[in-house]
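Novice: Here it is, the structure, as structure tokens.
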Amino acid sequence: MPVPLCLPTDAMLSKLSPPMQPPLVTELVRYVYSVVPPGTYMAKPHLHHYHQLDVYLAGAAVARIENARPVRVGAGYAYFIPPLLRHDIRSPRGCRTASFKFHLAPRHWPAFGTRARAVRLSKGLLACIEHWSRAYQAGGTLLPERARAVLTLCLVEAFEMAGPRAARADGDDELDAFRQRLWPVLERIANQPHHEWSVSQMAADCHLSTDHFSRCFQRVVTQTPKRFLLGARLRAAATELTADPRQPIKTVSERASYTTVHAFTRAFTEFFGVSPGAYRDQAERH
């Protein structure tokens with residue numbers, strides 16, 4: 001019997017703090033269902049420009065983020081990995097996973113944070129994911145809107161169980177007001193990453209001085225505005241590199257406003273830790 005899929009509603013999302021108005025997910029990059037044999041590397045050390053949520057349906061795996069201590073993630077849990085964190089995952093005894101690779105709406109980035117973490121999912125949601133994953137494995141199709149709905153429910157549960165306290169840990173009303181001003185600006189940058197954005201323009205859009213804006217931005221987003229703008233431009237370039245492997249790197253570099261491929265390659269490598277060509281290759285493998 002098919003497992004009913006309860007779509008997330010505005011009422012469900014509005015109960016969260018801060019309010020998480022849809023959409024949470026702006027793009028589903030890829031959905032992967034995997035049956036991993038024992039002793040296998042699920043993913044050798046790498047990073048990517050999108051968010052990732054790995055749901056463990058059976059077995060267990062060991063994840064290592066950057067140079068932190070390994071974390072064991074077992075059945076019934078999901079592992080949330082923000083962008084630009086070098087990580088590797090191996091499964092000594094084997095496992096089954098449903099992996100969602102996606103872009104989270106910019107207004108929700110601080111709420112979910114910049115650290116990887118494991119969260120337990122409800123039995124009903126796990127049953128839903130199990131049902132659709134088995135159908136997918138049997139040759140069926142998982143419609144993008146259905147996959148996004150399941151992913152959104154996972155994120156809502158993850159946020160409810162682990163997010164609100166972290167999101168408001170500073171208890172700073174000024175920062176909460178700043179977040180409300182900042183989200184629309186981040187969304188415009190995400191939609192137009194190649195526009196000639198400046199820190200002074202972002203500050204003006206938030207009706208703040210450049211210095212005060214920069215201080216608040218670093219506290220909320222955990223990086224400087226200049227670093228964020230560079231990352232937005234390079235993440236857009238990374239998306240283009242993986243979207244069309246046949247597209248010349250020179251074309252991508254020009255769209256990112258770099259005058260030479262050398263300058264683009266140097267900036268990309270400094271930011272991601274790998275060259276554009278190597279990034280494209282590893283993205284195709286993962």
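Novice: How high is the FRET efficiency between A263 and A58 when r is their beta carbon distance and R₀ equals 41 Å, given to the nearest 0.05?
Specialist: That gives a FRET efficiency of 0.30.
Novice: Right, another one. Between E145 and R86, what length comes free when the chain is fully extended (0.36 nm per residue of separation minus the Cα-Cα distance, one decimal in nm)?
Specialist: 18.3 nm
Novice: Send over the semi-axes of the stretch 173-285's equivalent ellipsoid, whole angstrom and largest first, taken as the square roots of 5 times the C-alpha gyration tensor eigenvalues.
Specialist: Taking √(5λ) for each Cα gyration eigenvalue gives 30, 13, 12 Å.
Novice: Still on this structure, please answer the following. Can you put M202, M42 in order of Cβ neighbours within 10 angstrom, beginning with the fewest?
Specialist: Going from least to most buried by this count: M42, M202.
Novice: Can you give me the distance in nm between label points at S34 and A127, each placed 7 Å from the Cα along the Cα-to-Cβ direction?
Specialist: A separation of 2.8 nm, rounded to one decimal place.
Each value in this text was obtained by applying a stated rule to the coordinates, not by laboratory testing. Just so it is clear, the model here is predicted, and its values are computed rather than measured. Every residue, glycine among them, receives a Cβ derived from its backbone with ideal geometry; neighbour counts consider all protein chains shown.
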